[in-house]
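Here's the structure, in structure tokens; my notes come after.
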Amino acid sequence: MQLFLDTANLDEIREAADMGLIDGVTTNPSLMAKESGDPAGIIREICSIVDGPVSAEILSTEFEEMLKEATAVAKWHPNVVVKVPLTADGLKTVHRLSPQGVRFNVTLCFSLAQALLAAKVGAAYVSPFVGRWDDIDTPGIELIPDMVQMFDQHGFETQILVASVRSPLHVSQAALVGADVATLPLKVLKQMIGHPLTDIGLAKFLADARGKN
Ligand code: E4P
């Protein structure tokens with residue numbers, strides 16, 4: 001299973017990349033808006049730090065504009081994956097440009113039916129947002145096993161990229177049921193590393209070693 005970092009912050013990306021823990025990066029317009037610099041420059045800088053897929057989201061919502069913007073964004077760097085919302089125009093954009101080699105991440109997916117459509121048009125990734133389901137008192141992670149089964153059953157090559165991840169539990173549950181990727185904030189990656197028994201065990205080992213000397 002691959003882990004992507006869900007941020008546009010270069011310091012965070014460098015920190016996670018230095019630990020060898022991330023295979024790619026996802027950004028979205030909200031994350032990009034927190035950073036200074038032009039979007040193409042930020043995305044190229046991210047691509048220079050992480051040698052893997054880097055999702056860059058377009059802002060157009062009408063088909064003709066989406067075609068133009070997606071074509072331009074795809075040229076920013078060979079590792080760019082163009083992110084489009086799961087709308088009729090977004091799906092049409094994927095259908096039109098995927099055969100030309102543009103890779104897409106279809107984002108803001110909240111249902112199995114939506115995921116099926118993203119796979120049908122040939123998206124490289126579909127991003128089910130689990131945390132935003134949780135926010136409205138519905139366990140979003142429960143979508144993922146069915147999505148994995150649906151894609152396996154029909155041989156779809158679209159990768160399931162679990163997004164809107166809020167906890168280590170989301171990541172381990174996604175991994176257990178066979179999601180291809182989870183994208184997570186640095187905070188969650190650090191929460192995955194930490195365990196109180198690791199800290200207690202290490203403190204004891206060091207204390208014992210000091211006592212012997
Ligand atoms: C990833 O592609 C999404 O942009 C992101 O995971 C959304 O997360 P949020 O619901 O925490 O904003």
Tell me the residue from 61, 71 that is part of a helix (DSSP H, G or I) and under 23 Å from residue 158 (Cα atoms), please. 71
Pick from region 169-204, criterion part of a loop (DSSP other than H, G, I, E, B) and out of contact with any Asp or Glu (no Cβ under 6 Å at 6 or more places or on another chain), ranking: nearest to residue 25 (Cα to Cα): 180
Yes or no: region 133-150 includes at least one residue that is closer than 24 Å to residue 56 by Cβ and touching a residue at least 40 places away in the same chain (Cβ under 8 Å). no
Matching residues, region 120-168, being within 14 Å of the ligand (Cβ to nearest atom), part of a loop (DSSP other than H, G, I, E, B), buried (at least 17 other Cβ atoms within 10 Å of the Cβ) and of a type in the set (A, V, I, L, M): 123, 124, 165
Somewhere in region 188-201, is a residue within 15 Å of the ligand (Cβ to nearest atom), under 20 Å from residue 6 (Cβ atoms), within 16 Å of the chain's Cα centre (by Cα) and not hydrophobic (A, V, I, L, M, F, W, C)? no
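Go over the candidates 45, 65, 57, 35 one by one and state the one that is touching a Lys or Arg at 6+ places or on another chain (Cβ under 7 Å), modelled with pLDDT of 95 or more and acidic (Asp, Glu).
When all the criteria are applied, what remains is 57.
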Only listed residue being assigned to a helix (DSSP H, G or I) and in contact with an Asp or Glu (Cβ under 7 Å, 6 or more places away or on another chain), chosen from 66, 32: 66
Look through region 35-58, keep the residues that are within 13 Å of the ligand (Cβ to nearest atom) and not in a loop (DSSP other than H, G, I, E, B), and return whichever of them is nearest to residue 87 (Cα to Cα). 57
Touching a Phe, Trp or Tyr at 6+ places or on another chain (Cβ under 6 Å), within 16 Å of the ligand (Cβ to nearest atom) and hydroxyl-bearing (Ser, Thr, Tyr), is that true of residue 7? no
Looking at region 187-208, is at least one residue modelled with pLDDT of 95 or more and in contact with a Lys or Arg (Cβ under 8 Å, 6 or more places away or on another chain)? yes
Any idea which of 21, 59 is surrounded by fewer than 17 Cβ atoms within 10 Å (Cβ to Cβ), more than 22 Å from residue 171 (Cα to Cα) and touching a helix residue (DSSP H, G or I) at 6+ places or on another chain (Cβ under 7 Å)? 59
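The values are calculated or read from the model by the stated rules, or taken from the named source; none is laboratory data. Please read all numbers here as calculations on a predicted model, not as lab measurements. Backbone-built Cβ (ideal geometry, glycine too); neighbour counts: all protein chains shown.
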